[in-house]
Amino acid sequence: MMVLILMVGIFQSWNIALSIFNLCLISAVMTMGANIQWGYAGLINFGIMGYTALGGLAAVLISVDPVQEAWRAGGFDILMSLWLIVVMVLVIRFVLKRFEKSKIRTYCIAAIIISGILLIRFSAEPGIEAIEAVDPAKTGFLGGFGLPIIFSWIVGALFAGGLAFIVGKVALGLRADYLAIATLLISEIVIAIIKHEDWLTRGVKNVIGLKRPAPYEVDLQTTDWFIKLVEKFNSGKLSVIENLADRQAALNQLVIEGSSVFVKLCYSGLFLVVVIILLILTQKALYSPWGRMMRAIRDNEEAANAMGKNVVKQHLLIFILGSAIVGIAGAMLVTQDGLFTPGSYRPMRYTFLIWVMVIVGGSGNNFGAILGGFVVWFLWIEAAPISLFLINFFTAGIPETNALKAHLIESVPYFRFLLMGLGLLFIMRYRPKGILPEKIEIK
Amino acid sequence: MDFVNAIILLLNYIFIPALTYGSQLALGAIFVTLIYGILRFANFATGDMMSFGTMMTILFTWYFQSLGVSLGVLPTALLAIPFGIIFMIFYMLLIDKFVFKYYRNQKSPPVQFAMVSIGVMFVTQAVVRIIIGPGDRRFFDGEKFIIKAREFKEMTGLNEGLALKSTQVITIFVTIVLVSLLFWFLNRTKTGKSMKAYSDNEDLALLSGIDPKKIVLVTWVIAGILATIGGALYGLDKSFKPFTYFNNMLPIFAAAIVGGIGNPFGAFLGGYVIAFSEILLTYAYKKFFMYILPESMEPSSLVQLLSTDYKFAVSFSILVIVLIYRPSGIFKGKVL
């Protein structure tokens, strides 16, 4: 796999190779999250998109500087609404604890929720309008806490874990295929909220120019040590050039290229650290008594229950853990891109593609999950060039003006779907356990 | 007079659009429910299969248009639908033979089927986009309106107009005919009854000499008819775009589960439940209240319960609530 990425580096450019590598690492983290749920515990979670988006939201809320004006304009109303939500939850808890289960109680709770939502909606509306009116071209939202963006990786995990707690409480009792549909739909609801609550997330107006944990290219290009480093690396190439002015121009070009490679390498380093830490933790968990218990629950729920294991609690726990890992990946993704675009969260890319990674890589095997993330992401990116090459190869004898050939070349981007689908079908059919199947050694 | 105006307003903006949208969802939901009841899996390729059928219909519509064949005031697509259905059924049977049959013989768990259907979803999506492209296509021709808003106003002298699009009437009419035929088939014919028996208890059905191959074949044929007609009607009424069809899978699933998955009649009603609640909750009632309330009590805000952005979220929330409190759906599911 690494060889393939190196080949992209040599044949296309190091920049492309590194950006593929970085996204491979992020995909690997997402896949590990899904793999914990599916491979360890047999829980199906089609809501990966929702947790990714929440992780991204965390990156925004942590790193963006607070918008003072917006807080003055509508902060009070928003805080009041938050209080109202807390009060509503407490009242519902009280009703649930205090009264016996009955039809009247159910209706009461429904009435509390509906009237609460209406109350919040009407009380928050002036505040929201005021916030969104504050310089809408630039801000128009509350902003965040202005902390370094790295913290958001942890906060993203907390956000995603929190959502998973609610979803798990609600939906985990469902049968597998119902659970799949329910989680898919809940993730769509999360995206709808992120897209349309402009006061919190700026919605489809996007948040751009987030802070970076890595240096900026422009700064690097003027730093002395970096220029010297580039000079050292390329001394052989540069010494060939005789003319001093030419040499300086070549060096400048190399510095510009080198700076973006260097920034990407910084990200790769950070992501690699996350992947290695997660890999160590998940491997430890897999072979621990807890991992054995999870497998027992997965393979025979009733027997595990009879042995005194609390199946419901463990399912909830692993659902939260897996989703939190996906949340980390979501925050990492936004950190790398430096922008948050709620409109780009689509189930094809963020849910189903990740599932292809899990299945292809090998469910239940952490190395399989990482391998799946790498292989599938690499193919997803490189499918278009490969299919373009194949089309040109097979239609070499046909003139360029041929309608069919032109049509095929135009639709090259969609061959990646075909490749993914066929790949998934073949793996499911001939190697249902994935490339690296689950291996359990009892030590 | 104001009262009549208010009624017309509701008819125009809520009742007729919801009925049309509900019919389109209902056809899709029956498709999902049939596959679930007889082949026993949640088909994630639903939306994309519908878009495949619609694509075929569009291609034939273009062909007929280039030949100069048309149905006069009716859209040419109606003529193309039968050909679309044939190709759709052919495609479904092909997929069944190469993909689903193996897992059926293996008696795989439903989750594995669902995973496989995701593979089918990817492939179908690719096929549709490669053949017709990802763009927005309109293929409607013929007379657009049956009643125009302005004509209605002049005719009745009311303030509010009632516009009735021909696609809306066609959708509702076709849905009623198709669904009645389907229920007649399921309840009155021998094949329909054996399908019910197979869905109810597979082993018992096999013991009493029902041929499973025939059941599967008939199921895919019915599914192909429903998917193509549902998809084509949606495309005629709005427009055809592969991505929208993929997204439509979600409210269709919601409709099927709300109605009780495995129960075609429930799915039929579920479509309308989803459509009506989506539109009722996101409609701004300001104008309605202006008609029925005295002037002093007129509302100043839009009186909208949820902004239209949350249209999809409404149906999903209904589904989640149904799943939690009544997982078998409003009408008991799992029996055809």
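The values are calculated or read from the model by the stated rules, or taken from the named source; none is laboratory data. It should be emphasised that the depicted structure is a prediction, and the values quoted were computed from it without experimental measurement. Cβ coordinates were reconstructed from backbone atoms using ideal geometry, including for glycine residues, and neighbour counts include every protein chain displayed.
If I ask for residues that are more than 11 Å from B:Ile324 (Cα to Cα) and within 9 Å of chain B (Cβ to nearest Cβ), which ones from the stretch A:168-190 would you list?
As a first pass, look at the stretch A:168-190 and keep what is more than 11 Å from B:Ile324 (Cα to Cα): A:168, A:175-177, A:180-181, A:183-190.
Answer for the stretch A:168-190, where residues must be more than 11 Å from B:Ile324 (Cα to Cα) and within 9 Å of chain B (Cβ to nearest Cβ): A:Arg175, A:Ala176, A:Asp177, A:Ala180, A:Ile181, A:Leu184, A:Leu185, A:Ile186, A:Glu188, A:Ile189.
So if I check each of B:Gly157, B:Gly133, B:Gly142, B:Gly119, which one is under 19 Å from A:Leu353 (Cα atoms) and either of a type outside the set (Val, Ile, Thr) or touching a Cys at 6+ places or on another chain (Cβ under 9 Å) (or both)?
Step by step, each of B:Gly157, B:Gly133, B:Gly142, B:Gly119 is checked, and only B:Gly119 is under 19 Å from A:Leu353 (Cα atoms) and either of a type outside the set (Val, Ile, Thr) or touching a Cys at 6+ places or on another chain (Cβ under 9 Å) (or both).
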(message) Here are the criteria: (1) assigned to a loop (DSSP other than H, G, I, E, B); (2) aliphatic (A, V, I, L, M); (3) within 22 Å of B:Gln125 (Cβ to Cβ). Tell me which single one A:Ile391 does not satisfy.
(response) (1)
(message) List pairs: first residue in the stretch B:117-146 and more than 14 Å from chain A (Cβ to nearest Cβ), second residue of a type in the set (Asp, Glu) and outside any loop (DSSP other than H, G, I, E, B) anywhere in the structure, Cβ distance under 7 angstrom, at least six positions apart or on different chains.
(response) none
(message) Being of a type outside the set (A, V, I, L, M), more than 14 Å from every other protein chain (Cβ to nearest Cβ), assigned to a helix (DSSP H, G or I) and surrounded by 16 or more Cβ atoms within 10 Å (Cβ to Cβ): is that true of A:Gly156 here?
(response) yes
(request) Please find, among A:Pro437, A:Pro413, A:Pro385, the residue that is on the phi < 0 side of the Ramachandran plot, part of a loop (DSSP other than H, G, I, E, B) and surrounded by fewer than 17 Cβ atoms within 10 Å (Cβ to Cβ). (result) A:Pro437
(request) Tell me which residues, restricted to the stretch A:221-249, are under 37 Å from the mean Cα position of the chain (by Cα) and surrounded by fewer than 10 Cβ atoms within 10 Å (Cβ to Cβ). (result) A:Asp224, A:Trp225
(request) Scan the stretch A:341-363 and give yes if some residue there is farther than 28 Å from A:Ser63 by Cβ, assigned by TED's automatic domain parsing to the domain that holds A:Ala53 and not in a helix (DSSP H, G or I), otherwise no. (result) yes
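For the stretch B:158-180, enumerate the residues that are β-branched (Val, Ile, Thr) and more than 16 Å from B:Ala18 (Cβ to Cβ). Show your work before the answer.
Narrowing the stretch B:158-180 to residues β-branched (Val, Ile, Thr): B:167, B:169-172, B:174-177, B:179.
Within the stretch B:158-180, B:Ile170, B:Val174, B:Val177, B:Val179 qualify.
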(request) Mind listing whichever residues of the stretch A:384-411 are at the interface with chain B (Cβ under 9 Å from one of its Cβ atoms) and hydrophobic (A, V, I, L, M, F, W, C)? (result) A:Leu408
(request) Of the conditions (1) touching a residue at least 24 places away in the same chain (Cβ under 8 Å); (2) surrounded by fewer than 21 Cβ atoms within 10 Å (Cβ to Cβ), B:Lys97 clears all except one; give me its number. (result) (1)
(message) Tell me whether the stretch B:105-114 contains one or more residues that are within 13 Å of chain A (Cβ to nearest Cβ), buried (at least 18 other Cβ atoms within 10 Å of the Cβ), within 23 Å of the chain's Cα centre (by Cα) and in contact (Cβ under 8 Å) with a residue 24 or more places away in the chain.
(response) yes
(message) Which of the numbered conditions does A:Lys309 fail, given that it passes all the others? Conditions: (1) free of Cβ contacts under 8 Å to residues at least 12 places away in the same chain; (2) not in a helix (DSSP H, G or I).
(response) (1)
(message) Anything in the stretch B:273-310 that is at pLDDT 80 or above and charged (D, E, K, R)? List them, or say none.
(response) B:Glu278
(message) Can you confirm whether A:Tyr287 is surrounded by 18 or more Cβ atoms within 10 Å (Cβ to Cβ) and among the hydroxyl-bearing types (Ser, Thr, Tyr)?
(response) no
(request) Quickly run through the stretch A:33-80 and pick out the residues that are closer than 15 Å to A:Phe145 by Cα and of a type in the set (A, V, I, L, M, F, W, C). (result) A:Leu57, A:Ala58, A:Ala59, A:Val60, A:Leu61, A:Ile62, A:Val64, A:Val67, A:Ala70, A:Trp71
(message) Need pairs with beta-carbon distance below 8 Å; first residue closer than 18 Å to B:Ser277 by Cβ and touching a residue at least 60 places away in the same chain (Cβ under 8 Å) and within the stretch B:6-17, second buried (at least 19 other Cβ atoms within 10 Å of the Cβ) and of a type outside the set (A, V, I, L, M); sequence gap 6+ or separate chains.
(response) B:Leu10/B:Phe288; B:Tyr13/B:Tyr283; B:Ile14/B:Tyr283; B:Ile16/B:Gln168; B:Pro17/B:Gln168
(message) Given the condition touching a residue at least 40 places away in the same chain (Cβ under 8 Å), among the polar types (S, T, N, Q) and crowded, with 18+ Cβ neighbours inside 10 Å, answer yes or no: does some residue in the stretch B:65-80 qualify?
(response) yes
(request) Answer yes or no: is there a residue in the stretch A:196-217 that is more than 14 Å from every other protein chain (Cβ to nearest Cβ), surrounded by 15 or more Cβ atoms within 10 Å (Cβ to Cβ) and among the acidic types (Asp, Glu). (result) yes
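For the stretch A:189-279, which helices (runs of 4 or more DSSP H) that fit wholly inside it have 3 or more residues that are free of Cβ contacts under 8 Å to residues at least 60 places away in the same chain?
Output list reads A:217-221, A:224-233, A:235-240.
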